[in-house]
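> Would you mind keeping the following structure in view while I ask a few things?
The values are calculated or read from the model by the stated rules, or taken from the named source; none is laboratory data. Computed from a predicted model, the values in this text were never measured in an experiment. Here the Cβ positions follow ideal geometry from the backbone for every residue, glycine too, while neighbour counts run over all protein chains shown. Heavy atoms of the whole protein, side chains included, go into the accessibility calculation; ligands, DNA and RNA do not. Shrake-Rupley method; radii C 1.70, N 1.55, O 1.52, S 1.80 Å.
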Protein chains: 4
Amino acid sequence: MRTTEMLGTHPGETTADAALLARAIDALAACAQACTACADACLAEDMVAELRRCIRTDLDCADICATTLRVLTRQTAAEAAVVRAQLQACVVACRTCGDECESHAEMHDHCRVCAEACRECEEACTQLLATLA
Amino acid sequence: MRTTEMLGTHPGETTADAALLARAIDALAACAQACTACADACLAEDMVAELRRCIRTDLDCADICATTLRVLTRQTAAEAAVVRAQLQACVVACRTCGDECESHAEMHDHCRVCAEACRECEEACTQLLATLA
Amino acid sequence: MRTTEMLGTHPGETTADAALLARAIDALAACAQACTACADACLAEDMVAELRRCIRTDLDCADICATTLRVLTRQTAAEAAVVRAQLQACVVACRTCGDECESHAEMHDHCRVCAEACRECEEACTQLLATLA
Amino acid sequence: MRTTEMLGTHPGETTADAALLARAIDALAACAQACTACADACLAEDMVAELRRCIRTDLDCADICATTLRVLTRQTAAEAAVVRAQLQACVVACRTCGDECESHAEMHDHCRVCAEACRECEEACTQLLATLA
């Protein structure tokens with residue numbers, strides 16, 4: 001990821017603290033990838049029928065993180081209300097998916113790693129949100 | 001769109017009123033397409049420099065509608081808190097983009113049509129949200 | 001969908017026959033939605049373990065259709081090589097997913113409807129591709 | 001990104017060399033982010049009217065990379081023809097966007113950094129494709 005470098009090249013001012021923004025964007029990319037991989041790994045498990053809720057929360061979290069990543073990346077003519085509402089949805093999605101993955105982290109390594117990615121992303125988005133309030 | 005037909009084939013119960021769900025999903029698809037087209041048409045205008053804010057809100061609204069469409073489409077193991085938070089973000093994005101497009105609807109037909117798509121989508125999502133509260 | 005209306009508002013010329021373009025864009029939106037819904041319905045089936053390949057092809061087809069829809073929607077400064085390559089990938093994805101869904105269309109209605117959406121999308125993209133060669 | 005770690009947790013075999021896969025996935029995430037940021041930075045430039053083609057190729061490349069990332073991330077029941085066709089489209093998109101950004105890399109730092117991300121992604125996808133032929 002060239003996130004910090006790209007943020008530094010924008011001709012205008014950044015919409016938030018650049019370090020917090022870059023951290024959130026990187027955490028969103030990692031979480032979206034981990035959730036896509038976790039849904040796919042759950043699908044391959046023998047006990048896939050018991051992992052339905054995990055697959056569903058993974059798919060939602062991956063989509064929501066990917067969109068939030070784009071909204072945060074854009075610095076031109078940002079609308080604070082949109083950025084905040086999308087960040088709030090992302091915090092809820094990461095918390096839900098992190099809780100679900102954590103609940104079978106001992107049985108499945110993909111859920112353990114994915115839960116870590118969700119936690120890190122939830123925290124980075126929450127911290128960024130606090131500065132935008 | 002085969003939205004209603006697809007909703008009817010799910011082996012479980014739908015997470016909300018099927019007619020309201022289908023209407024929201026179709027409005028989200030139309031809004032995402034209109035916003036992508038409007039951003040692209042704004043980019044081709046001679047006065048593109050005055051349409052920066054419109055392009056930005058179009059891009060955000062397209063991404064947010066596309067993600068909300070997927071979250072609403074999924075009926076298995078839905079988490080109400082995630083669905084609600086993403087719908088709320090979508091309502092804010094549609095309202096912001098609809099206001100922006102409407103402000104130059106008289107000058108640009110793509111903004112006029114896009115504003116209509118945003119209004120319809122905002123209303124469909126707001127109505128669906130009311131039944132999920 | 002306001003696809004035809006939006007295409008007509010672009011300040012420049014369209015990159016292909018407007019009727020074929022609009023038909024492809026609408027078929028892509030319908031196919032992306034049907035594939036997302038079919039993956040989700042498969043996940044809810046008792047025999048989910050036998051539907052792994054269907055879920056996988058659905059998820060790929062939904063992502064590929066959503067991206068192809070955006071590439072086709074944009075009319076400004078189009079690069080024919082990119083449009084063609086993405087359309088070709090989409091035709092392969094729709095054919096693969098259509099074949100897979102068709103193979104258990106008699107058992108699952110969501111696969112039957114989804115196969116129809118894939119066929120229609122494959123055909124619309126193939127026809128559009130033929131005019132771009 | 002936890003790409004390598006996530007690939008290692010999949011219950012089945014990986015569809016390609018794990019190191020090449022992880023490198024491609026990481027390059028796709030970096031390229032998608034850089035292209036989204038470059039389109040946004042171009043939009044904020046005084047000379048936005050001369051950057052229309054750059055914004056267009058950035059938007060296409062971001063969408064195509066994001067989808068290719070997901071297709072590569074999934075390891076369950078992969079269909080080689082779909083993976084290859086999407087990778088080929090991605091190579092074309094990255095080459096087109098890399099060429100365009102490079103052509104004004106001396107004037108805009110965001111284009112310079114974005115061109116680097118496109119080149120790295122094109123190369124990683126080309127190398128992976130060679131092993132899938």
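> Measuring from a point 7 Å out along Cα→Cβ, what nm distances, shortest first, does D:D46 have to its partners in the other copies?
Label-point distances to the other copies, shortest first: 2.2, 6.8, 7.1 nm.
> How many percent of the accessible area of region B:17-132 is carbon or sulfur, using a 1.4 Å probe? Each step should come with its number before you reach the end.
Values: 1750 of 3510 Å².
Of the solvent-accessible surface of region B:17-132, carbon and sulfur hold 50 percent.
> Which residues of region A:15-37 show a drop of at least 30 Å² in accessible area when all protein chains are present, compared with their chain alone (probe radius 1.4 Å, heavy atoms only, ligands and nucleic acids excluded)?
In region A:15-37, residues shielded by partner chains: A:A30, A:Q33, A:T36, A:A37.
> Semi-axes of the equivalent ellipsoid for the protein assembly as shown, please: Cα gyration tensor eigenvalues, times 5, square-rooted, ordered largest first, whole Å.
30, 25, 24
> I've got another one for you. In whole angstrom, how far apart do the alpha carbon centroids of region A:1-15 and region C:16-86 sit?
Distance between centres, Cα-based: 32 Å.
> For n ≥ 4 DSSP H runs only, could you compute -39500 (n - 2.57) per run for chain D, divide by its residues and tell me the 222 nm figure to the nearest 500?
On the way: 5 runs with 102 residues, N = 133.
Mean residue ellipticity at 222 nm (helix-derived): -26500 deg cm²/dmol.
> Turning to a different aspect of this structure: Could you give, in nm with one decimal, how far B:T131 is from each other copy of that position, shortest first, with labels 7 Å out from Cα toward Cβ?
Values, ascending and in nm: 3.8, 4.1, 4.9.
> If you don't mind, another one. Any idea what the dipole of chain B comes to, in debye rounded to 20, about its Cα centre with Lys/Arg Cβ at +1 and Asp/Glu Cβ at -1?
Here the size comes out at about 500 debye.
> Could you work out the relative contact order of chain A? I mean the mean sequence separation of Cα pairs under 8 Å and 6+ apart, divided by the number of residues, in percent.
Numbers: 163 pairs, mean separation 40.4, N = 133.
That works out to 30 percent.
> Give me the one-decimal nm value for the distance between modelled label points at A:T126 and D:T126, 7 Å along each residue's Cα-to-Cβ direction.
Using points 7 Å along Cα→Cβ, the separation is 4.5 nm.
> Please list A:96-102, C:87-93 highest first by mean number of surrounding beta-carbon atoms within 10 Å per residue.
For the peptides A:96-102, C:87-93, the packing ranking is C:87-93, A:96-102.
> Still on this structure: Skip the ligands, DNA and RNA, and give the accessible area per residue of region A:15-86 with a 1.4 Å probe, whole Å².
Per residue, region A:15-86 has 24 Å² of solvent-accessible surface.
> What's the Kirkwood radius of region B:1-77 in Å, using all Cα pairs?
This gives a value of 13.8 Å.
> If you average the sequence gap of Cα pairs under 8 Å that are 6 or more apart and divide by the length of region D:32-73, what percent do you get for the contact order? Numbers along the way, then the final one.
Numbers: 28 pairs, mean separation 20.9, N = 42.
Relative contact order for region D:32-73 comes out at 50 percent.
> For chain D, what value does the Rg/Rh ratio take when both radii are computed over Cα atoms and Rh is the Kirkwood radius, given to two decimals? Could the numbers behind the result be given before it?
Details: Rg = 15.4 Å, Rh = 15.0 Å.
Answer for chain D: 1.03.
> In C, who owns the beta-carbon nearest the axis carrying C over to B, and how many Å from it?
C:A29, 2
> Taking the label point as lying 7 angstrom from Cα along the Cα-to-Cβ axis, what are the distances from B:A81 to the corresponding position in the remaining copies, in ascending order and in nanometres?
So the label point of B:A81 gives 2.6, 4.5, 4.9 nm to the other copies.
> In Å and whole numbers, how far do the C-alpha atoms of region C:36-87 stretch along each principal axis, longest first?
Here the Cα extents, ordered largest to smallest, are 48, 16, 7 Å.
> Could you estimate the translational diffusion coefficient of region A:14-56 from the Stokes-Einstein equation, with Rh from the Kirkwood formula over C-alpha pairs, at 37 °C and 0.692 mPa s, in whole µm²/s?
Translational D for this selection: 273 µm²/s.
> Select from B:A81, B:A41, B:A62 the residue farthest towards the positive end of the dipole of region B:23-91; place +1 on Cβ of Lys and Arg, -1 on Cβ of Asp and Glu, and compute about the Cα centre.
B:A81
> Could you tell me which residue out of A:M107, A:T131, A:T15 lies farthest along the dipole of chain A toward its positive end? Charges go on the beta carbon: Lys and Arg +1, Asp and Glu -1, centred on the Cα centre.
Of the listed residues, the answer is A:T15.
> If one takes the accessible area of chain A alone plus chain D alone and subtracts that of the pair, with a 1.4 Å probe, what total in Å², rounded to the nearest 100, results?
For A against D, buried area totals roughly 3200 Å².
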